[in-house]
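Just so you know, all these numbers are worked out from the coordinates, no wet-lab data involved. Fair warning: this is a prediction, and the values are worked out from it, not measured in the lab. Neighbour counts run over all protein chains shown; Cβ positions are idealised from the backbone, glycine included.
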Number of protein chains: 2
Amino acid sequence: MLLFYQSNIEKTPILSEEDSRHCVKVLRKNIKDKIHVVDGLGGLFECEITKAHEKKCEVRILSTKREFEKRTHYLHIAIAPTKNADRIEYFVEKCVEIGVDEITLIQTKHSERKNQKTERLEKIAISAMKQSLKAYLPKVNELMDFDKFIKTANFEAKFVAHLSEDAKPLKDVVTIKNEILLMIGPEGDFAQDEILLAQKYDFQLVTLGNSRLRTETAGVVACAIVNAFN
Amino acid sequence: MLLFYQSNIEKTPILSEEDSRHCVKVLRKNIKDKIHVVDGLGGLFECEITKAHEKKCEVRILSTKREFEKRTHYLHIAIAPTKNADRIEYFVEKCVEIGVDEITLIQTKHSERKNQKTERLEKIAISAMKQSLKAYLPKVNELMDFDKFIKTANFEAKFVAHLSEDAKPLKDVVTIKNEILLMIGPEGDFAQDEILLAQKYDFQLVTLGNSRLRTETAGVVACAIVNAFN
C-alpha cells in the first residue's frame, strides 16, 4: 500500500500539487485507479481517481476508516535542537516511524542552536507518516523556551532524561500510562537549575541506559522504549 | 573526555595520522598534555604526549583500565544492506552508540543492494565508539549470503524480526541472555522460505511492535530494546 496525504480530503478531495505529480506523473495512475489517502487525523480513505491532473488530481472517496491503528497512549517528546540540522531531522523521521504524537523543540541553556524552522520538520513528518503507513500526523511545535515549556506542560506522566543516581530506567516507569511527556536535553545536557525546575514541576528523572547518547539518538531510544513497553 | 583510537597502543604508542592531526593540529595538544586512548578491545589508557608530531603523535601510557564499561551481554545484529547507503551508515552509528558487539551484512532474496563495502562502516563505527566514550569497537563483517549465515550462526539466543502471528514481542523473549543474535530483513522483508530456514535453525520469530519500520529503523529499535534489558 502507498499513501497520499490530504488533511482536508473529505471537504476538498484533491491531492496537493506534490502528491498529484507523484500519483499521476511518477506512478502514472489514471482515472478509475484506486489509491489510499490519509488525513493525518486518523482517517484512512480508499479513493478512486476522477480526474488524473498532474497538479490537481481529483478523487472520490469510496470507503473510510476512522482511528486507523490508533495507539493506546499519547507520546509527546520535547527535545533541544541539534547543532547539525540533519540530526534533528533524522530524529523526527525515526520517531514518526516508531510512533510519536507531538514533538516540541525546546530552547535550553546549553542548546547549541538557537533557532530551528519547523516547516522542514513537518515535511519530514508527513513523508515518514506515509512511508510507515500511519494515518495520524504528529504535531511539530515551534521552538519554545525551556522555563515556559516546563511551567505550562500538563501531562499525566512527565519525564526528563538525565544521568543521575536518582534516575530510574525509563522502561520501569513508563508502563500503563496514557499520556507521556519526555524531555531530551542538548549535547551538553540540561543545566542543574533546569533539572531542579523540572523536578519542581513534577518531572521524574529517567535514564535510557548506560551509554552516552547523542541528543537525537536519545530521542529515538526513548521513543522505542515507550512504544515497546506501553 | 575525548577519546583517541589506536588498536595496538601498548605495542605501538603512536596515534594514527588522522588522530595525530586532530590531537596536535586541531586541538593544539602539546608535549606533557594528557589524552585518553582506547584500543577497541576494552582498554582505556590515560596517556601523556611525548612527541607532538602532526602525523605521528607519540604518547606514553600512564594508566590502564581493562574491560572498560563491559556489557553483560553480547549482541550481534545481522542486517540486509539498504538501497540508500546513508541509511545503513546511520544504523551503524546509532547501534554503536546504543551498544552492539558485532554487525554482519546479509544478502537476502529481497535485498535491494547486492554489495556493501565495510571500510566506510568501520570508520563510522570507530567514530561513534569515540563519540560515545566506549572502549570496545564492534566488529563489522563483510556481506554474507543469508543461507550460509543461518547455517553457521552459533548463538545462545537467535531471533529474526518478522511480522507474523507466531512472532513474540522482542522485549518478552530477550531478557537474561548472554549471547543474542538478531536478524533484520530488507525493505521487502525476508522471503517465506528464508523464514522457514531460519526457524529450522532455531531462530525465534520476534516483532518490534506494530509499526512498519524501515530496515535501519528496525535495527536501531531492536538494539534499543535489547540494551534496555541487558
What residue among B:ASN210, B:ASN178, B:ASN154 has the largest mean-square fluctuation in a Gaussian network model of chain B, using Cα springs under 10 Å? B:ASN210
Listing A:MET1, A:MET129, B:MET144 from the residue with the fewest other Cβ atoms within 10 Å to the one with the most, what is the order? A:MET1, B:MET144, A:MET129
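I'd like the projected area of chain B, averaged over all directions, using the convex hull of its alpha carbons. Report it in nm² with one decimal. Display every interim value, and only then the final one.
Details: hull surface 51.5 nm².
Across all orientations, chain B yields a mean hull projection of 12.9 nm².
Among B:LEU181, B:LEU27, which comes first, then next, by fewest other beta-carbon atoms within 10 Å? Show your work: numbers first, answer last.
Values: B:LEU181 22, B:LEU27 12.
With the sparsest Cβ surroundings first, the list reads B:LEU27, B:LEU181.
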Per-residue HN-Hα couplings for the stretch B:71-81, Karplus 6.51 cos²θ - 1.76 cosθ + 1.60 at θ = phi - 60°, whole Hz, x for Gly and Pro? 7, 7, 10, 10, 10, 10, 10, 9, 9, 6, x
Note down the nm distance, to one decimal, between modelled labels 7 Å out along Cα→Cβ at A:LYS151 and at B:GLU122. 5.5
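May I ask you to list, by number, the DSSP H helices of chain A whose Cα span along the axis is at least 18 Å and whose average Kyte-Doolittle hydropathy reaches -1.0 or more?
Working: long enough: A:85-98 (20 Å, 0.06); A:118-131 (19 Å, -0.43); A:215-229 (21 Å, 1.39).
Those that clear 18 Å and a mean of -1.0 are A:85-98, A:118-131, A:215-229.
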Return the single residue from A:ILE103, A:ILE79, A:ILE14 with maximal mean-square fluctuation; model: Gaussian network over chain A, springs between Cα atoms under 10 Å. A:ILE14
When A:HIS36, A:HIS76 are ordered from fewest to most other Cβ atoms inside 10 Å of their Cβ, what list results? A:HIS36, A:HIS76
Calculated label separations, B:GLU69, copies of the chain, 7 Å along the beta-carbon direction, nm: 3.4
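Once you sort the root eigenvalues of the Cα gyration tensor of the stretch B:1-85 as a ≥ b ≥ c, which label holds: rounded (a/c under 1.5), prolate (a/b larger than b/c) or oblate (the other case)? Intermediate values should be presented prior to the final figure.
On the way: a/c = 2.79, a/b = 1.53, b/c = 1.82.
Oblate, because a/c is 1.5 or more while a/b does not exceed b/c.
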Quickly work out the B:LYS168-to-A:LYS200 label distance, labels modelled 7 Å from Cα along the C-beta direction, and quote it in nm with one decimal. 4.8
Report, for B:GLU48, each distance to the same residue's label point in the other copies, shortest first and in nm; define the point 7 Å along Cα→Cβ. 8.4
Using alpha carbons only, how many angstrom separate the centre of the stretch B:192-207 from the centre of the stretch A:177-230? 36
By the Cα gyration tensor axes a ≥ b ≥ c (a/c under 1.5 gives rounded; else a/b larger than b/c gives prolate, otherwise oblate), the shape of the stretch B:153-209 is oblate
Once the label point is set 7 Å along the Cα-to-beta-carbon vector, what list of distances in nm do you get between A:TYR201 and its counterparts in the other copies? 5.3
Mind checking which of B:VAL206, B:VAL220, B:VAL26 has the largest fluctuation in a GNM of chain B, springs on alpha carbons under 10 Å? B:VAL26
In terms of Cα to Cα distance under 13 Å, which aspartates and glutamates are near enough to B:LYS151, apart from those fewer than 8 places away along the same chain? B:GLU194, B:ASP202
Under 18 Å from a label point 7 Å along Cα→Cβ of A:GLU10: give me every residue in the stretch A:56-89 with its amide N that close. A:59-70
The protein assembly as shown: equivalent-ellipsoid semi-axes (sqrt of 5 x gyration tensor eigenvalues, Cα, Å): 40, 28, 22
Quick one: which residues, 5+ away or cross-chain, put their amide H under 5 Å from the amide H of A:TYR74? H built at 1.01 Å from N. A:GLU179, A:ILE180
